[in-house]
Amino acid sequence: MNDRDIAHLHPDLQLLCRRWLATCHQQAVDAFLACTYRSAAEQDALYAQGRTAPGKIVTNARGGQSKHNFTLNGKPASKAFDFAIKRRDGTLNWDVNSSEWKAAVAIGKDLGLVWGGDFKSIHDYCHFQI
């Protein structure tokens, strides 16, 4: 199950994420957190997708290699979060070319976040990290 707790983000990222969410909402972009912290075991399960388990390859990071797996003093402190955008009718908007996605990405980049859509090997459009 995806952890969506903003308190499980690294303290530096918590502040940026709160600013990102607030600015998105001010611009009528209904963005929300889809995943914050992910355990090494959960990361390994994602890594297996498209390799040794059914599905599409979605990550090149094994457990412990993802910024989602970061801890601080033994507690979750993810240096990354995944997000989604909800439409007015309640369905999810995954169209990265839509005005809402473009706004959400621009807001994140303006805050200094690294966007997964700019990754070279796998484009992770719903991902931001520090």
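So here's what we get for this one:
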quantity: Meets criteria (surrounded by fewer than 19 Cβ atoms within 10 Å (Cβ to Cβ), touching a strand residue (DSSP E or B) at 6+ places or on another chain (Cβ under 8 Å) and on the phi > 0 side of the Ramachandran plot) for residue 55; calculated: yes
quantity: Identity of the residue in segment 67-93, assigned to a loop (DSSP other than H, G, I, E, B) and either polar (S, T, N, Q) or touching a strand residue (DSSP E or B) at 6+ places or on another chain (Cβ under 6 Å) (or both), that ends up nearest to residue 119 (Cα to Cα); calculated: 79
quantity: Some residue of segment 97-118 being among the hydroxyl-bearing types (Ser, Thr, Tyr) and closer than 19 Å to residue 29 by Cα; calculated: yes
quantity: Filter result (in a loop (DSSP other than H, G, I, E, B) and more than 19 Å from residue 14 (Cβ to Cβ)) within segment 25-38; calculated: 27, 28, 29
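Let's see how each residue does on (1) in contact (Cβ under 8 Å) with a residue 40 or more places away in the chain; (2) within 20 Å of residue 9 (Cβ to Cβ); (3) part of a strand (DSSP E or B):
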residue: 45; (1), (2), (3): no, no, no
residue: 55; (1), (2), (3): no, no, no
residue: 62; (1), (2), (3): no, no, no
residue: 65; (1), (2), (3): no, yes, no
residue: 95; (1), (2), (3): no, no, no
residue: 101; (1), (2), (3): no, no, no
residue: 104; (1), (2), (3): yes, yes, no
residue: 109; (1), (2), (3): no, yes, no
residue: 120; (1), (2), (3): no, no, no
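Any read-out appearing in this document is the output of simple, stated calculations on the displayed coordinates, not a laboratory observation. Quick caveat: nothing in here was measured; it's all calculated off a predicted structure. Reconstructed Cβ throughout: ideal geometry from the backbone, glycine too, with neighbour counts over all protein chains shown.
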